[in-house]
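The values are calculated or read from the model by the stated rules, or taken from the named source; none is laboratory data. Just so you know, these numbers come straight off a predicted model, no measurement behind them. Neighbour counts run over all protein chains shown; Cβ positions are idealised from the backbone, glycine included. Each accessible area value is taken on the protein alone, full model and side chains, heavy atoms only, with ligands, DNA and RNA left out. Shrake-Rupley method; radii C 1.70, N 1.55, O 1.52, S 1.80 Å.
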Amino acid sequence: MCGIIGYVGKLSAKNEILAGLKMLEYRGYDSAGICCFEKGELKLIKKKGKVDTLIEVCKDKLKDVHCGIGHTRWATHGDPSDKNAHPFLSENNNVCIVHNGIIENFETLKGNLQKQGVRFRSETDSEVIAQLLQKSKCESELKKVQELSNMLVGSYAIAILFKGLENQIFAIRKNSPLIVGKSKDGYYLSSDVNALVDKTTEYHIMEEDEIVWIDNEDCYAFNKNLQAKEITYLPMNLSKQDISRGTFEHYMLKEIMQVPMAIKMTINECESIINPYNKLPKDLIRDVKHLTIIGCGTAFNAGMTAEHYARERDIIVECVYASEYRYRKFLSQENELCIFISQSGETADTIEALKIAKEHQIPTIVITNVSTSTINKLADYVIPTKAGPEIAVASTKAYNAQITALYNLMDYIYCVKNKINCRTCILKDKLYDVVNKLENYNFDKIDELSQLILENERVFFIGRGVDYATSQEASLKLKEISNIHSESLYAGELKHGTLALIDENTVVIVIATQKHLFDKTMNSIYEIKARGAKVVLVTQFDVQTDAIDMLISIPTTDQAIMAEISIYPMQMLAYKTAVLKGLDPDKPRNLAKSVTVE
Ligand code: G6P
């Protein structure tokens, strides 16, 4: 949700910032902009559209600059346009800022400034930051930044340039991530580590309310009261290969092909000596009576998949969207444990939901793919997924890694509760078999299915039990990157309303991997076929019936973990349909990968 970059050092600030913005583009691509010190002046260039448009506009400009800030935007306040693009200059052009987050009290602040005669140039909440800094009467820039942080309500990562302080950048953060990178050629600021790979050898994750001040020589950190803090740097352990597309046409395709690796690495983690499950206190696990799984989007769907797995092991699970958990009435439940799932570990709703659980003294476990993320610092216990950096907006390999971790966690809870010795991953052999089958999976029917979808008007995904959870994820993938109207529902619920929408222009994709539910699902298939829809069946079973227009065969495994397999062709289906439609699957309309605002 918006990407921020800053650079000060020996290299060309323009090149460093534009390259960083390309890496951060998955966080938003409504507009992009850059501001650098050029001969003592703040030189600003910003443009609606993707970073490539900005790169084109900057071609012969900003030639000899060594300090600046940049931004790629996911619009919240104000439409995607040149005027609403970041960076923002103050009215007198003496202060320049970029912002990620939402300033919740911006209307009050803006109103006060307008009363003082300040004229605003945009409709954003962010511009108020530059204007407040301009109006500040504090004697030093550092004090102005401190005063600013006391005035703002909401979430923010902000980088600031002050005219007169050439080659210096100030930054603050609250509830939005910001990282300082250090290299022999200078200092960087970035919304995430990925943009610093190959650029820096060490990085520092800014803490809540921390203020940093960077110049050519050094980086200084302060707390809210402006007391100097020591900076902890971590070694950069990602390589360019981890974050590049390699020979793949899109990140999403690369990441789908990495699904088997993501499962394997996540199993290996729990087999290693740093087995994260062993860090969970046994008495806590033994006494748990109620598990609440919380997440957003794909992470929530992973939770739903695990709910069925847990139920089979007599563990009661409730899955709640983080955005709902935050605002629903809190009811205390005996011996509750909350599990938060987040690929990025930066999703605002999930972080806030975790804070609420903590306020009520509920123990918290987080399952996340980014070890340095905000949510990791807040949770009591962390179970890492090992999918590696996921760049495409639509999550794929992280989903499989999440359900792998959840299967392991549910097994662990079951074993502890039932006093069964469980030192390693119970599912190890079965999951390795899944990895092997996915590595050799043939997507040959998927092109034809994409074509069928494009020839029709609407798509439904249906399933029963755990297959419904897979339907949810399959439908989410398709709609988010191909902009095709798609819904998922419980197969048994069709006749209670949705059947009214089924006609000859409808494709219904039925996921049926559970033997005991198969005949019931077949009944739904006959009902759909009778209304003229095209029926596609995704299953490992051998089926002979005229009611099916297309069979997507999948390899078999223990039916408890079939969700690892059944989602695989559906991820590819979403990808291929988007590509066939001429869309960029890595940058779906209106979406961003890391949703750091509410
Ligand atoms: C966004 C992304 C989804 C992701 C969701 C939750 O909507 O586009 O792919 O599933 O956020 O993100 P998280 O990082 O918390 O898993």
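Worth pointing out:
- Of all DSSP beta bridges in the chain, antiparallel share, percent nearest 5: 60
- Computed with a 1.4 Å probe on the full set of protein chains, the accessible area for residue 257 sits at about 90 Å².
- With a Förster radius of 41 Å applied to the C-beta separation of residue 503 and residue 421, the computed FRET efficiency comes to 0.15.
- Dipole moment magnitude, nearest 20 debye, region 3-238 about Cα centre, only Lys, Arg, Asp, Glu C-beta charged: 560
- In percent, rounded to a whole number, the relative contact order of the chain is 12, using alpha-carbon pairs under 8 Å and six or more apart.
- 16 Å reach of a label modelled at residue 531, 7 Å along Cα-to-Cβ, counting backbone N of region 469-502: 486-502
- With 10 Å bins from 0: P(r) over the chain, alpha-carbon pairs, percent: 3, 17, 25, 24, 18, 10, 3, 0, 0
- Other-chain or far-sequence residues with amide H under 5 Å of residue 366's (modelled H): 340, 381, 382, 383
- Dipole size of region 251-439 about its Cα centre, with +1 on Lys/Arg Cβ and -1 on Asp/Glu Cβ: approximately 280 debye, rounded to the nearest 20.
- Shape of region 1-122 from the C-alpha gyration tensor: oblate (a/c of 1.5 or more and a/b not above b/c, with a ≥ b ≥ c the square roots of its eigenvalues).
- Gyration tensor (alpha-carbon) shape descriptor, region 512-554, a/c threshold 1.5: oblate
- Under 27 Å from the Cα of residue 534 - lysines, other chains or at least 8 residues apart: 445, 477, 479, 495, 515, 520, 576, 581
- Amide H contacts for residue 125 (H built 1.01 Å from N in the peptide plane; partners 5 or more residues away or on another chain; cut-off under 5 Å): 77.
- Farthest toward the positive end of the dipole of the chain, out of 344, 256, 559, is the Cα of 344, where the dipole comes from beta carbon charges about the Cα centre.
- Label sites at residue 209 and residue 94, each approximated as a point 7 angstrom past Cα along Cα to Cβ, lie 2.9 nm apart.
- Around the Cα centre of the chain, unit charges on the Cβ atoms of Lys, Arg, Asp and Glu (plus for the first two, minus for the last two) sum to a dipole of about 780 debye.
- Heavy-atom accessible surface of the chain: percent carbon and sulfur, 1.4 Å: 48
- Residues residue 153 and residue 217, FRET efficiency given R0 of 35 Å [Cβ-Cβ distance, rounded to 0.05]: 0.55
- Accessible area in the full protein assembly, largest first, 1.4 Å probe, for 330, 300: 330, 300
- Heavy atoms of residue 324 accessible to a 1.4 Å probe, total area in Å² rounded to 10: 110
- Three-way shape call for region 251-439 based on the alpha-carbon gyration tensor, with the a/c threshold at 1.5: oblate
- Förster radius 51 Å - calculated FRET efficiency between residue 135 and residue 240 (Cβ-Cβ, nearest 0.05): 0.70
- Note on residue 358: aspartates and glutamates with a C-alpha under 16 Å away, same-chain residues under 8 apart excluded, are 334, 336, 349, 380.
- Surface listing: 115, 581 arranged by accessible area from highest to lowest gives 115, 581, probe 1.4 Å.
- Farthest toward positive dipole pole in region 51-113 [+1 Lys/Arg, -1 Asp/Glu at C-beta], among 92, 65, 54: 65
- The heavy atoms of residue 17 present about 0 square angstrom of accessible area, all protein chains included, probe 1.4 Å.
- In this label model, residue 456 and residue 41 are separated by 6.0 nm, measuring between points 7 Å along each Cα→Cβ vector.
- Against the criterion of solvent-accessible heavy-atom surface with a 1.4 angstrom probe, 550, 23 sort, most first, into 23, 550.
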